[in-house]
Structures are given as structure tokens and as C-alpha cells.
Amino acid sequence: HKETLAKAAEERGHHLKACEWYQTAVTDYHGALHPLPYAGNEESAYLYRKMEECFHKVVRYNPTPMERVEIPWEGKSLPAIFYKADQKVPGPTVFFCNGMDVPMEIFPDPLHNPFVARGMNVLAIDGPGQGIALHRKLWITADNWQHAGKAALDYLTARPEVAPGKIGGVGWAMGSYWMMSLAAQ
């Protein structure tokens, strides 16, 4: 229903309202797919595709510039979202990691990103065992998230918008453990 409302707002040229409704639909699709198994489950794959379709519209219509990126890692690719703050020189950047149950499309909130509001870029990632990485069969092990985190940091330091000496890590739930472990390494 919320996706239908978003499409109606989009058709009428109300792009910000469409963005808001699409993000609400993203959250609902995630809630529906969350209890389902990932591997080989057609319903889970369908719901994730719907979530991705709606999030594509969030990226398109969000007033904050967002970019879907892929980070090379061990011969594979990790999905991430780069939020670009409104700054003219390389600036501070937050490397953000959710826990096991929340994909990058949900948090930080694309419409009310507290880091971007304070002038910081943000990279949110679905590492091994998270979000779309699960559908790509990138399973979590005892230490591979830390290796993926290192690949994400290498990616960030190569971006022209990022001041390499001003990258901070923030984690939510299990992501807080992974960030601390990455920092320790």
C-alpha cells in the first residue's frame, strides 16, 4: 500500500513525499522478509527485490546526495551506500555498520541522517552476514567482517570527498563489536 502511495506522489511530481513513502515501504518490506530464511527462499528474494526497488527511488529523490557503491572484497563485492555531505573540501566521514538484523537501507535513516546533518559523509555497508550480502551468500565467519571493514576503509580513503585522517567508525548492535574489533586490528 505504501509503495502505491509513493508511486502516486511520484506521478504527481511530489518527489519528497514519494521519497518518504518509498522509505516507509522499504522498512515494511524488510519487516516482512526479516523472519524468512535467506538461502533459496523465493519469497525472501522477492521481498528483498521489492525493498531494493523502493530504495532505488529513495536514492533518486532524497535531497541528500546518495550513491550506491560496490566495494571489492576477496574476489567478490560488498554493497554499500555513500551519503555525501554538503561540503566543498574533503571532510570528515563516518563508516557506519549495522548489526546482523538491520540492512543499510534502514539505518541510518536516509531522510534524517544525523551525520550528514552535521556535515559528515557516511558510508553504510552490508558486510558479510548482513542485508543483501546474505542474498549473495556472503556468510559471516569469526573474522571476515573485519577484513571486509578494512576493504571499506581502503575504499573510503580513495574517495576525493573524504579526509583520510578524519574517518570515524560507528556501529549499531553487533556492528559496534565489529567496529571495535576493526579498530583494534
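The values are calculated or read from the model by the stated rules, or taken from the named source; none is laboratory data. Model, not experiment: these values are computed from the prediction. Reconstructed Cβ throughout: ideal geometry from the backbone, glycine too, with neighbour counts over all protein chains shown. For the accessible areas, the whole protein counts, side chains as well, though only heavy atoms, and no ligand, DNA or RNA atoms are used. Shrake-Rupley method; radii C 1.70, N 1.55, O 1.52, S 1.80 Å.
Some notes on this structure:
- Residue list for the stretch 66-83, restricted to those being within 17 Å of residue 119 (Cβ to Cβ) and either among the hydrophobic types (A, V, I, L, M, F, W, C) or modelled with pLDDT under 95 (or both): 66, 82
- Among the residues making up the stretch 126-176, those that are among the β-branched types (Val, Ile, Thr) and free of Cβ contacts under 8 Å to residues at least 24 places away in the same chain are 141, 157.
- If the condition is being farther than 19 Å from residue 112 by Cβ and either polar (S, T, N, Q) or at pLDDT below 95 (or both), then the stretch 1-30 contributes only 4.
- Of the helices (runs of 4 or more DSSP H) contained entirely in the stretch 72-185, those carrying at least 3 residues that are farther than 21 Å from residue 55 by Cβ fall at 144-158, 174-184.
- Residue that is nearest to residue 101 (Cα to Cα) [pool: residues in the stretch 13-37 that are open to solvent by less than 50 Å² (accessible area, probe 1.4 Å) and part of a loop (DSSP other than H, G, I, E, B)]: 36
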